[in-house]
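Since the structure comes first, as structure tokens, the remarks are kept for the end.
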Amino acid sequence: MTAPVLVLVDHTVDGALRAPVAELLTLARDLSGGAGVHAAWPVDGVEPSAEVVAELGALGATHVHRVVADADLHLSAVLAEALASLLDATGSGLLLVVSSFENKEAVARLAVSTGAGVVTDADGLALVDGRYVARKTVFAGTWTTACAITTPLAVVALKSNSVQPSTVEGAPAPQIGEHAVAVSDKARRVTLVERVERPASGRPDLGSASIVVVGGRGTEGDFSVVEDLADVLGGAVGATRVATDEGWIGHDAQIGQTGVTIAPRLYVGLGVSGAVHHRGGMQASGTIIAVNSDPDAPIFEIADFGVVGDLFTVVPQAAAEIRRLKG
Amino acid sequence: MRIVVCVKHVPDIQSERALGPDGRVVRDGGDGTLNELDENALEAALALVEASEGSVTVLTVGPDDAADAVRRGLQMGAEDAVHVLDDAIAGSDAIGTARVLAAAIRHLDAQQHVDLVVTGMAGLDGLTSLLPTALAELLDLPALPLAAELTVDGATVRVRRNLDHASEVLEATLPALVSVTDQANEPRYPNFKGIMAARKKPVTTLTLADLGVDASRVGLSGARTEVLEAAARPPRDDRVLVQDTGDAGVRLAAYLVDNQLV
Ligand SMILES: Cc1cc2nc3c(=O)[nH]c(=O)nc-3n(C[C@H](O)[C@H](O)[C@H](O)COP(=O)(O)OP(=O)(O)OC[C@H]3O[C@@H](n4cnc5c(N)ncnc54)[C@H](O)[C@@H]3O)c2cc1C
Ligand SMILES: Nc1ncnc2c1ncn2[C@@H]1O[C@H](COP(=O)(O)O)[C@@H](O)[C@H]1O
């Protein structure tokens, strides 16, 4: 059983692909078995450029649909209706989206309106005996599970850093078309009064970065050591809720159960105790490194490499050494 | 204004949480508790009725133990509670649970109009966050999820929310559904008076039959996913802990190089 796969393309206001989209398309290519990979580009004021269409093609998209609606596609009810009609039009058996809060709102609606089986926060997906089987970690990354979707239509929200993205040599240019959606009145009952995009930081995007350096209360508000190590490693900067509540850094940097969930290749925690709420958002990381002055800090229970010491002396030394080694 | 707050009973996140052989959350460990994030939902609802007038009903779907979750809501100041308890609900996925909650809210609405449904942002057990929007879709209500700030002015409800890449302000007309984040408020602690008063507050227990819900659409039979495997992750081995004696930064750098992380 192979069916076309629909992929929701998250993009920035500048029209660039968000990093995890490459993972979704790589996966879609494998799972579609040649039946077609349909990329859905919500035209929320931003059109896909020729370069980005070529990029989507190289990643395996056979079709790019410019989704145009007569209402704001940032509203989950509007996006859900657009995706439902596109699933229908393309005959897709699977929808892949990046696991973000916004996308999860739309897929929850799709589950109700289309009867689809949904798995969110998946970190792997395969076709086994004609069924989609998703993998995900639960309980703050302490358990791994596999679950099969038993409905004809499957919807999977995939976490970043789950798939190694790749491109196809000599892929044909995708067909590009417009998919216009007439949105129902009931999807218009919420008004988007304001939407303010956060300016890009110049560092990798926190949710999808492969290296994340996190500062906690131990920084006492001085994030310069955290930022410096992040920059020497080419990573993103994150924080605990204590640090964001104190206003040392924006709320969007919060890692944890009520913030961003990350699973980078490398997590470095500086002055972070490793409270269970925080662990819930980072415990699935590849390698975990921690610097903390308290030998009993719970983060050491999950750290591959822990340093008991003062972050203000250990971290600058480490950053200087890495710079020296890199030459 | 009449508000219904949906609260979930979950395994305590400080405890050893586990999945059973059937792949379902073990919920009878005795260390279950009210989902912490639902305290923010309760606080938001109580603050709204205190600022104008009205009442708060707390609603849960879950096994016997889930009664503890609604009791906590009553202690915080909710007026009454509804507990939907039925063996056929066991094994429900988020959509199955949403169906039961939707039926219970319709049942309450038929008795006295419900203006606002408030939920937490996520259950700390599954962290799916699917329920609030699914519930709104089933109830055919406008949804304003992930409120970091919430105001109701006459019949207009307004929410500010912070997303990964943007912040938004959403507005709709009541009746509506709102989910509340832990940024929205600081939940109150029940005081002695509240704890005593809660003992006299009514808790209505309802079954699927009372709500006219078709049992085959909820529980394991209604679930759209089937857990094939569940295993505790092995602990990380080869863990290294070093005490800084002056060169820990250099050793940290060496570890990164040795493990090809730089
Ligand atoms: C409902 C709810 C949801 C929550 N959600 C989240 C969430 O999503 N994310 C989150 O992070 N938190 C969350 N929290 C908060 C969480 O419980 C912890 O309070 C928080 O994670 C602790 O942050 P911290 O590690 O920075 O601070 P602390 O726990 O105070 O730890 C600071 C650490 O720094 C160390 N230290 C101090 N000085 C130095 C130094 N000079 N050098 C090295 N180490 C030093 C100390 O030894 C200590 O271990 C939530 C809480 C609740 C109730
Ligand atoms: N069984 C339940 N009974 C009542 N409310 C629930 C139940 N499950 C989920 N909720 C509500 O939905 C929110 C999100 O839960 P979830 O989708 O499971 O992450 C919770 O914070 C609760 O407010």
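The values are calculated or read from the model by the stated rules, or taken from the named source; none is laboratory data. Quick caveat, the model's predicted, so the values are computed rather than measured. We place every Cβ from the backbone using ideal geometry, glycine too, and count neighbours over all the protein chains shown. What goes into the accessible areas is simple: the full protein's heavy atoms, side chains included, and nothing from ligands, DNA or RNA. Shrake-Rupley method; radii C 1.70, N 1.55, O 1.52, S 1.80 Å.
Annotations for the structure displayed:
- Within the range A:5-181: Cβ-based charge dipole about Cα centre, in debye rounded to nearest 20 (Lys, Arg +1; Asp, Glu -1): 620 debye
- Separation of alpha-carbon centers, the range A:114-148 and the range B:184-253, rounded to whole Å: 19 Å
- Solvent-accessible area, 1.4 Å probe, carbon plus sulfur percent, for the protein assembly as shown: 49 percent
- For chain A, relative contact order (Cα pairs under 8 Å, six or more residues apart, normalised by length) works out to 15 percent.
- Tilt relative to chain B, helix B:248-258 - C-alpha long axis, 0 to 90 degrees, to 10: 90 degrees
- Computed from phi, the 3J(HN,Hα) profile of the range B:44-57 under the Karplus parametrisation 6.51, -1.76, 1.60 (θ = phi - 60°) reads 4, 5, 5, 4, 5, 6, 5, 6, 10, 7, x, 8, 10, 10 Hz, with x in place of Gly and Pro.
- Whole-number D in µm² s⁻¹ for the protein assembly as shown, Kirkwood Cα-pair radius fed into Stokes-Einstein, 20 °C, 1.002 mPa s: 86 µm²/s
- Calculated translational diffusion coefficient of the range B:86-152 (37 °C, 0.692 mPa s; Stokes-Einstein with Kirkwood radius over alpha-carbon pairs) equals 252 µm²/s.
- Computed on chain B, with alpha-carbon pairs under 8 angstrom and 6+ residues apart, the relative contact order is 24 percent.
- Cα centroid separation - the range A:1-79 against the range A:207-273, whole Å: 30 Å
- Nonlocal amide H pairs with A:Ser99, under 5 Å, H built at 1.01 Å: A:Leu158, A:Lys159, A:Ser160
- Helix B:67-76 axis, angle to chain B major axis (alpha carbon atoms, nearest 10°): 80 degrees
- For residues of B:156-167, the mean tally of beta carbons on other chains within 10 Å: 6
- Compactness of chain A as Cα Rg over 2.2 N^0.38 Å, two decimals: 1.06
- Adding -39500 (n - 2.57) for every DSSP H run of four residues or longer, then dividing by how many residues chain B holds, sets the calculated 222 nm ellipticity at -9000 deg cm²/dmol.
- Cα-based shape type of the range A:211-326, given that a ≥ b ≥ c are square roots of the gyration tensor eigenvalues and the cut on a/c is 1.5: rounded
- Karplus-based coupling profile of the range A:228-238, in residue order and whole Hz: 5, 5, 4, 5, 5, 8, x, x, 9, 10, x, with θ = phi - 60° in 6.51 cos²θ - 1.76 cosθ + 1.60 and x standing for Gly or Pro.
- DSSP-assigned coil residues among trypsin sites (Lys or Arg not before Pro) in the range B:188-217, each with at most 15 further Cβ atoms within 10 Å: B:Arg188, B:Arg199, B:Lys200
- In the range A:5-181, the inverse of the mean reciprocal separation of distinct Cα atoms equals 16.1 Å; this is its Kirkwood hydrodynamic radius.
- Inter-part distance, the range B:133-164 to the range A:155-202, computed on C-alpha centroids, equals 22 Å.
- Near A:Val67: Cβ cut-off under 10 Å, other residues only, Lys/Arg at +1 and Asp/Glu at -1. The net charge is -1.
- Spin-label zone in the range A:30-46 - amide nitrogen under 18 Å from a point set 7 Å from the Cα of A:Val68 along the C-beta vector: A:39-46
- Model label points for B:Ala209 and A:Thr313, set 7 angstrom from Cα along the Cα-to-Cβ axis, are 7.3 nm apart.
- Each of B:Asp237 and A:Val168 was given a label point 7 Å from its Cα along the Cα-to-Cβ line. The distance between the two points is 4.0 nm.
- A:Cys147 contributes about 10 Å² of solvent-accessible surface, heavy atoms of the protein only, 1.4 Å probe.
- Here r is the Cβ-Cβ distance between A:Glu47 and B:Phe192 and R0 is 60 Å; the resulting FRET efficiency, rounded to 0.05, is 0.45.
- Crossing angle, helix A:101-114 versus chain A [Cα axis fit, 0-90 degrees, rounded to tens]: 30 degrees
- Relative contact order of the range A:5-181, pairs being alpha-carbon contacts under 8 Å that are 6 or more residues apart, as %: 29 percent
- In units of the rule-of-thumb radius 2.2 N^0.38 Å, the range A:140-267 shows an alpha carbon radius of gyration of 1.43.
- Helical runs assigned H by DSSP (4 residues or longer) give chain A a calculated mean residue ellipticity at 222 nm of -8000 deg cm²/dmol, each run adding -39500 (n - 2.57) before division by the residue total.
- Taking a ≥ b ≥ c as the square roots of the eigenvalues of the Cα gyration tensor, the range A:116-175 is oblate, since a/c reaches 1.5 or more and a/b is not larger than b/c.
- Phi to ³J(HN,Hα) by Karplus 6.51 cos²θ - 1.76 cosθ + 1.60 over the range A:147-162, Hz, x for Gly, Pro: 9, 8, 8, 9, 9, x, 10, 10, 10, 10, 9, 9, 6, 5, 6, 9
- For A:Val314, the shell of other residues with beta-carbons less than 11 Å away shows a net charge of -3, using +1 for Lys and Arg and -1 for Asp and Glu.
- Prolate is the label for the range A:76-116, because the ratio a/c of its alpha-carbon gyration tensor axes (a ≥ b ≥ c) is 1.5 or higher and a/b is greater than b/c.
- Close amide H pairs (under 5 Å, H built 1.01 Å from N) link B:Arg233 with A:Trp143, A:Thr144, residues at least 5 positions away or on another chain.
- Other-chain or far-sequence residues with amide H under 5 Å of A:Val181's (modelled H): A:Val68, A:Ala69, A:Asp70
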